1. Between a residue in segment 82-102 that is near the ligand (Cβ under 10 Å from one of its atoms) and any residue that is part of a helix (DSSP H, G or I) and of a type in the set (Val, Ile, Thr), which pairs come within a Cβ distance under 8 Å, given they are 6 or more apart or on different chains?
2. Considering each of 248, 210, 230, 238 in turn, give the residue that is in a loop (DSSP other than H, G, I, E, B), modelled with pLDDT of 95 or more and not charged (D, E, K, R).
3. Failed condition for residue 156, given (1) in contact with a strand residue (DSSP E or B) (Cβ under 9 Å, 6 or more places away or on another chain); (2) in the same structural domain as residue 18 (by TED's automatic domain parsing), with all others met?
4. Residues in segment 319-335 that are in a helix (DSSP H, G or I), in contact with a helix residue (DSSP H, G or I) (Cβ under 6 Å, 6 or more places away or on another chain) and under 17 Å from residue 134 (Cβ atoms): how many?
5. Checking residue 35 against (1) within 12 Å of the ligand (Cβ to nearest atom); (2) over 31 Å from the mean Cα position of the chain (by Cα), which single condition isn't satisfied?
6. Among (1) surrounded by fewer than 12 Cβ atoms within 10 Å (Cβ to Cβ); (2) under 22 Å from residue 132 (Cα atoms), which single condition is residue 16 missing?
7. Using beta carbons and a limit of 8 Å, which pairs, at least six apart or on different chains, have the first residue in segment 193-220 and farther than 16 Å from residue 155 by Cα and of a type in the set (Val, Ile, Thr) and the second one outside any helix (DSSP H, G or I) and at pLDDT 95 or above?
8. Within segment 62-81, which residues are more than 19 Å from residue 18 (Cβ to Cβ), of a type outside the set (Val, Ile, Thr) and within 13 Å of the ligand (Cβ to nearest atom)?
Amino acid sequence: MTAPLRIALAGLGTVGAGVIRLLEANGELIAARAGRPLQVVAVCARDRSKDRGIDLSPYAWEDDMTALAARDDVDAVVELVGGSDGPALALARNALNGGKQLVTANKAMIAHHGMELAGIAEAKGVALKYEAAVAGGIPVIKGIGEGAAANRIERIFGILNGTCNYILSEMEGSGADFADVLKDAQELGYAEADPTFDVEGVDAAHKLAILAALSFGTAVDFGAVDISGITMIRAADIAQADALGHVIRLVGIAEPQEQEGERRLFQRVAPVLVAKDHPLAAVDGPTNAVVAEGNFVGRLLFQGAGAGDGPTASAVVADLIDIARGTVSAPFSLPVSALQKVAPADPGSRISRAYMRFTVADRPGVLAEITAAMRDAGVSIESMIQHGHPEEDGDVLVAIVSHRGPESAVTAALATLEGSDSLSEPPLVMRVIG
Ligand SMILES: NC(=O)c1ccc[n+]([C@@H]2O[C@H](COP(=O)([O-])OP(=O)(O)OC[C@H]3O[C@@H](n4cnc5c(N)ncnc54)[C@H](OP(=O)(O)O)[C@@H]3O)[C@@H](O)[C@H]2O)c1
């Protein structure tokens, strides 16, 4: 057997400790498959004295993360610290610039700095691998970047955040409101103490931007993702969706669109109503699922655990095995110079049904005002339900589902209603899929 792949590990939290446990448990099998052992030589975290349930005595300890990248006895650096900038980014830059292979699970860093890091990796002839950054344990980067590499990918969409999916499926099962389910999710460890990135859709958007670049050969453009989270969703919306034969899921979708004679890219993360017979409707709890549509392979569905120590470590170590085998390809499947910079697509011409929920004052004329705005904008109403019982504050919920039509019409109708004193809060709009 040839020389081991010598690894430095930055971050010994959920994922980092998982990587150590996985390498200990499956070391022989991994060495046989990689053609050589994977050997951790040095580690780093903030607190050396913390009990992590793993024996760190075989490894050198560095107090300063960036020192890992400078070590002569290291071939590959694994960054499992997190954060788009700061020490994680400094380590990534140092490692790649120093000619080390880099593996990371850090979607925020790849979404914001993936192009720069891929450029350095390319210039230095080393790997930048990030399988664990998108959908945790699911091999979707490999699936799309290698397994489906012969295809033109026409569309990708999926459930990319386990915390939101857990909250939405719990709301569905219990009839409870968002805030109560979030609290339970935090107690059970399914949501962070600060859940903002998850529930506001930012984490899913990081992953979507990465998947879009890989799938469509475009430059990563996180700033162009249209993002809405799930904080506005109420138990009443879930009940209404159920009555319509749908469930609510936070879905990321990206697809190239021809507009004004050029190729543009549509990227959106938002809660949507998913028909109960659609494959994404069956994705419950903290599970992730990604659908990729290729022009020869057809529709591929990747599904599995999107987070957690075991699944995420599985993806990190798969990247290390690739590096140990010497099979290293371009981080985004194409050389950085070939990744197209495309403008964001205008979503106005997208055709869909829309669910709109209004919180309105309980008085005559309000429904007429809303339906007039719809009529004037050319939105055709399929159904309208007014909840019989006013909310505690006397407001009433009105849910409208439109027939299929352009998004621009719904946007125009809502613009007419903006500022109306009949509405107690801004309306919630969700697209209906399936
Ligand atoms: N958790 C998941 O299921 C999951 C799934 C997919 C991707 N990811 C990604 O994986 C990465 C790690 O996530 P995680 O959940 O393992 O995070 P975590 O449990 O919070 O662990 C972070 C680790 O980084 C160390 N650290 C933080 N700042 C440091 C610094 N300045 N210098 C040295 N070490 C520092 C911490 O040290 P101490 O332990 O001493 O505090 C800790 O060991 C993130 O990018 C995350 O987005 C996580």
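The values are calculated or read from the model by the stated rules, or taken from the named source; none is laboratory data. No experiment lies behind these values; they were computed from the predicted model shown. Glycine gets a Cβ as well: all are built from the backbone with ideal geometry, and neighbour counts include every protein chain shown.
1. Matching pairs, first to second residue: 87/66; 90/66; 91/66.
2. 230 is the lone residue from the list that is in a loop (DSSP other than H, G, I, E, B), modelled with pLDDT of 95 or more and not charged (D, E, K, R).
3. With respect to (1) in contact with a strand residue (DSSP E or B) (Cβ under 9 Å, 6 or more places away or on another chain); (2) in the same structural domain as residue 18 (by TED's automatic domain parsing), residue 156 is out only on (2).
4. So the count comes out to 1.
5. The one condition residue 35 does not meet is (1).
6. (1)
7. 199/229; 199/230; 199/231; 202/227; 202/229
8. Result: 62, 63, 64, 67, 69.
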